[in-house]
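Novice: Mind having a look at this structure? Questions to follow.
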Amino acid sequence: MIAEALKRRRTGTSRPIRITSSDLYRCAETSTIIARTLDTPVTTDSRLREISFGEAEGRPNSWLAQRQVPAPDNNRLDHRGPVAGAETRREIASRVGECIRELMNDLDHDHIVVTHGFAHTFVVSAWLQLPAEAGGFATFATTPGAITHLRHDDYWRNRTLAQLADTSHLDCGTMA
C-alpha cells in the first residue's frame, strides 16, 4: 500500500527516484517492496537506524521500563539514562543528520527515505535544517507505514513539511 501510494503521488514527475533505507530488517524489507513497485534500486545506510538502547537491545520492554529514566529538561540531548551503551538524542541526530545532508546535496533525484519512528524526527529536522539543539524537545511523531512528504521548492529553495505521517493509504476502505 505504501509503494502504490508513492507511485500514485509520482504521476507526472520526471525526476528519477533514489531510495535510501535503514539497513535493519523491517525497513530493508519495506524499501525492497517499494523499490520493486517503483522500479528503482535501494541503498541501505546504517545511519538511518533506530535509536540504540545499548544493553537493553533484545530484552523485553518491561526490562527497559524498569531502568529507564526520563531526560531532564536541562540536558535532553546528552541524556543516556542508566542503560549502558544507550544512544543519546544528540548522537542519533548527528548520524541521521549526516545521512540526510548528503542526500540533500543530490538535487538530481526525488528521495524516498525509509526509516524508523524515533529516527523519523531527525530525518525531518535535518531536512528542515533545524540545529541539533532543537532536537532536545522536538518530535515529529509517526506511525508504522506512514508517509511524510517533505517538499523542496527548486526555484525559491524553500523546504516545506507538506504532510506529516499520512496513513490514508493504509485505510483499506478507501482503496479502489
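The values are calculated or read from the model by the stated rules, or taken from the named source; none is laboratory data. The model shown is predicted, which means the values in this text are computed figures rather than measured ones. Positions of Cβ are generated from backbone atoms using ideal geometry, with glycine treated the same way; all protein chains shown enter the neighbour counts. Note: areas computed on protein heavy atoms with side chains; ligands, DNA, RNA excluded. Shrake-Rupley method; radii C 1.70, N 1.55, O 1.52, S 1.80 Å.
This table checks each residue for (1) closer than 22 Å to residue 127 by Cβ; (2) without any contact (Cβ under 8 Å) to a residue 24 or more places away in the chain; (3) open to solvent by 50 Å² or more (accessible area, probe 1.4 Å).
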residue: 81; (1), (2), (3): no, yes, no
residue: 93; (1), (2), (3): yes, no, no
residue: 97; (1), (2), (3): yes, no, no
residue: 102; (1), (2), (3): yes, yes, yes
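Novice: Within segment 125-148, can you find the residues that are open to solvent by less than 70 Å² (accessible area, probe 1.4 Å) and in contact (Cβ under 8 Å) with a residue 40 or more places away in the chain?
Specialist: Those that are open to solvent by less than 70 Å² (accessible area, probe 1.4 Å) and in contact (Cβ under 8 Å) with a residue 40 or more places away in the chain: 132, 135, 136, 145, 147.
Novice: A follow-up question, please. Which of the helices (runs of 4 or more DSSP H) contained wholly in segment 1-90 include at least 1 residues that are more than 30 Å from residue 107 (Cα to Cα)? Steps first, please.
Specialist: Values: elements: 2-9, 25-38, 61-67.
Counting at least 1 such residues, we get 61-67.
Novice: In addition: Mind checking which residues of segment 149-176 are in a helix (DSSP H, G or I) and either surrounded by 16 or more Cβ atoms within 10 Å (Cβ to Cβ) or modelled with pLDDT of 95 or more (or both)? Lay out the reasoning, then the answer.
Specialist: Here is the first cut: in segment 149-176, the residues in a helix (DSSP H, G or I) are 168-170, 172-174.
168, 169, 170, listed by residue number.
Novice: Ok, one more. Residues in segment 31-75 that are touching a strand residue (DSSP E or B) at 6+ places or on another chain (Cβ under 8 Å), under 23 Å from residue 125 (Cα atoms) and open to solvent by 70 Å² or more (accessible area, probe 1.4 Å): how many?
Specialist: Result for segment 31-75: 3.
Novice: Across segment 100-124, what is the total count of residues that are closer than 16 Å to residue 49 by Cβ, part of a helix (DSSP H, G or I) and not aromatic (Phe, Trp, Tyr)?
Specialist: Let us first name the residues in segment 100-124 that are closer than 16 Å to residue 49 by Cβ, namely 100, 102-103, 113-123.
Filter once more, keeping what is part of a helix (DSSP H, G or I): 100, 102-103, 117-123.
Subsequent filtering for residues that are not aromatic (Phe, Trp, Tyr) retains 100, 102-103, 117, 119-121, 123.
Of the residues in segment 100-124, 8 are closer than 16 Å to residue 49 by Cβ, part of a helix (DSSP H, G or I) and not aromatic (Phe, Trp, Tyr).
Novice: Could you count how many residues in segment 1-30 are surrounded by 12 or more Cβ atoms within 10 Å (Cβ to Cβ) and either of a type in the set (Gly, Ala, Ser) or touching a His at 6+ places or on another chain (Cβ under 9 Å) (or both)?
Specialist: 18
Novice: Sticking with this one: Could you identify the single residue in 138, 119, 132, 162 that is more than 27 Å from residue 78 (Cα to Cα) and of a type outside the set (Asp, Glu)?
Specialist: Details: 138 fails: more than 27 Å from residue 78 (Cα to Cα); 119 fails: more than 27 Å from residue 78 (Cα to Cα); 132 fails: more than 27 Å from residue 78 (Cα to Cα).
One residue alone meets the criteria, 162.
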